[in-house]
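First comes the structure, then the notes that go with it.
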Amino acid sequence: MAMAEATQKSSESCDVTRPQFGSRHLKSENDVFKHNAWDNVQWTPDQEEQALAVVKRQYSEKLSEEAGIKIISDASGKWNSFYEKHDAKFFKDRHWLFTEFPELFRGSKHNSSVTSAGEGVNIKDGCRGQNGQTKFLEIGCGAGNTVFPVLRTNDDPDFFMYACDYSSSAINIVKSNPDYDPKRCHAFVHDISSDTPYPMPDGSVDIIIMIFVLSALPREKMAGAVRRLAALLKPGGLFLFRDYGRYDMAQLRFKSDRCIEENFYCRGDGTLVYFFTSEEIRSIFVGAGLVEEQNIVDRRLQVNRAKQIRMYRVWNQAKFRKPDLAT
Ligand SMILES: C[S@@+](CC[C@H](N)C(=O)[O-])C[C@H]1O[C@@H](n2cnc3c(N)ncnc32)[C@H](O)[C@@H]1O
């Protein structure tokens, strides 16, 4: 596996069984290799400065505008090749989502063992569908590593899940999963950077889930994509977001010939990735008319105990709600 792919895989799948963000802190440097990961790791001023210098150098040696435009226009085909090569085997099921986003449980029969606090979370506490059926929409669903755990967990008849991706290969993988039931789920090909209408009406979705997807869009396409998605939410509906953060190890490892724009890169396999600050995320989502409920930087030190290696990871996690003007 190429280095870029290995980094992507480790960044998006290694924390499948971890406890909720923020619960394990490194108090003494002597303990660093006693666990695989530490939360809320403070960076030293030197570390920040070095990261800034790396990113500045990458940008000063970035690809030509022409090369960048070509790479961006080829990106959807690259995701198709990615799923044709890896099928459903690359990303692991994202069970950690239920720890970070307990709203994904609607109080079905499994819900009593869900959250880190041991509490079942009924969607009434979050945003239950008012007209009987509750509808979730996952954006950039890939091979279904979120879709199927969510469907398995919310197993009652008034729950429905939409899932889209602009890779037709990804959607074919989702539809050929033995757990894919068209009565409970609709997977469809959709490019969120386009203004092609979605198959559901505005104001009809309770929760939108977008995990490591917005980062695949060029910066100038992000706000429009989020605005169109926010329109799909019911009043009171929730947008759940997680993606790469500024100066994540994956960013600092890129060679300059992978830099397309500031903080925007092309991986070895031709897929694209942007690294966000929480202020940028706030500006995009609040600009789409949503209200911030959470916007955290998940700074984690992962260690390879066998090789005694430290990996400084940075992810952003956020929740934004659509105002309910009636309440
Ligand atoms: C890093 S993968 C994450 C997949 C999945 N969300 C997960 O967490 O396992 C990014 C996904 O976003 C999809 N994607 C990228 N750009 C997109 C776009 N403009 N519209 C829809 N999907 C897109 C890709 O095809 C890919 O499946």
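Quick grid of which residues meet (1) part of a strand (DSSP E or B); (2) under 15 Å from the mean Cα position of the chain (by Cα):
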residue	(1), (2)
225	no, yes
238	yes, yes
244	yes, yes
260	yes, no
265	yes, no
268	no, no
286	no, no
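Kindly establish whether residue 231 is away from the ligand (no atom under 13 Å from the Cβ) and over 21 Å from residue 104 (Cβ atoms).
Yes: the conditions hold for residue 231.
In segment 194-218, which residue that is surrounded by fewer than 18 Cβ atoms within 10 Å (Cβ to Cβ) and within 13 Å of the ligand (Cβ to nearest atom) is farthest from residue 274 (Cα to Cα)?
196
Can you report the number of residues in segment 290-327 which are surrounded by fewer than 18 Cβ atoms within 10 Å (Cβ to Cβ) and either polar (S, T, N, Q) or under 15 Å from residue 222 (Cβ atoms) (or both)?
Number of matching residues: 5.
Every residue in segment 19-76 that is basic (Lys, Arg) and either outside any loop (DSSP other than H, G, I, E, B) or in contact (Cβ under 8 Å) with a residue 12 or more places away in the chain (or both), please.
As a first pass, look at segment 19-76 and keep what is basic (Lys, Arg): 24, 27, 34, 56-57, 62, 70.
Hits for segment 19-76 are 24, 34, 56, 57, 62, 70.
Kindly evaluate residue 178 against the criterion of being away from the ligand (no atom under 16 Å from the Cβ) and either surrounded by 15 or more Cβ atoms within 10 Å (Cβ to Cβ) or in a loop (DSSP other than H, G, I, E, B) (or both).
Answer is yes for this residue.
Do we have any residue at all in segment 238-245 that's in contact (Cβ under 8 Å) with a residue 60 or more places away in the chain, away from the ligand (no atom under 15 Å from the Cβ), under 30 Å from residue 106 (Cα atoms) and surrounded by 22 or more Cβ atoms within 10 Å (Cβ to Cβ)?
yes
Just checking, how many residues over segment 263-280 are away from the ligand (no atom under 16 Å from the Cβ) and either surrounded by 16 or more Cβ atoms within 10 Å (Cβ to Cβ) or at pLDDT below 95 (or both)? Talk me through it step by step, then tell me what you get.
Let us first name the residues in segment 263-280 that are away from the ligand (no atom under 16 Å from the Cβ), namely 263, 277-280.
Subsequent filtering for residues that are either surrounded by 16 or more Cβ atoms within 10 Å (Cβ to Cβ) or at pLDDT below 95 (or both) retains 263, 278, 280.
Within segment 263-280, residues that are away from the ligand (no atom under 16 Å from the Cβ) and either surrounded by 16 or more Cβ atoms within 10 Å (Cβ to Cβ) or at pLDDT below 95 (or both) number 3.
Is it true that some residue in segment 137-153 is of a type outside the set (Ser, Thr, Tyr), more than 14 Å from the ligand (Cβ to nearest atom) and assigned to a strand (DSSP E or B)?
no
All but one of (1) touching a residue at least 24 places away in the same chain (Cβ under 8 Å); (2) within 23 Å of residue 68 (Cβ to Cβ); (3) among the acidic types (Asp, Glu) hold for residue 293, so report the exception by its number.
(2) is the only condition that residue 293 fails.
The values are calculated or read from the model by the stated rules, or taken from the named source; none is laboratory data. Source: prediction; values computed, not measured. As a convention, Cβ positions derive from the backbone with ideal geometry for all residues, glycine included, and neighbour counts pool all protein chains shown.
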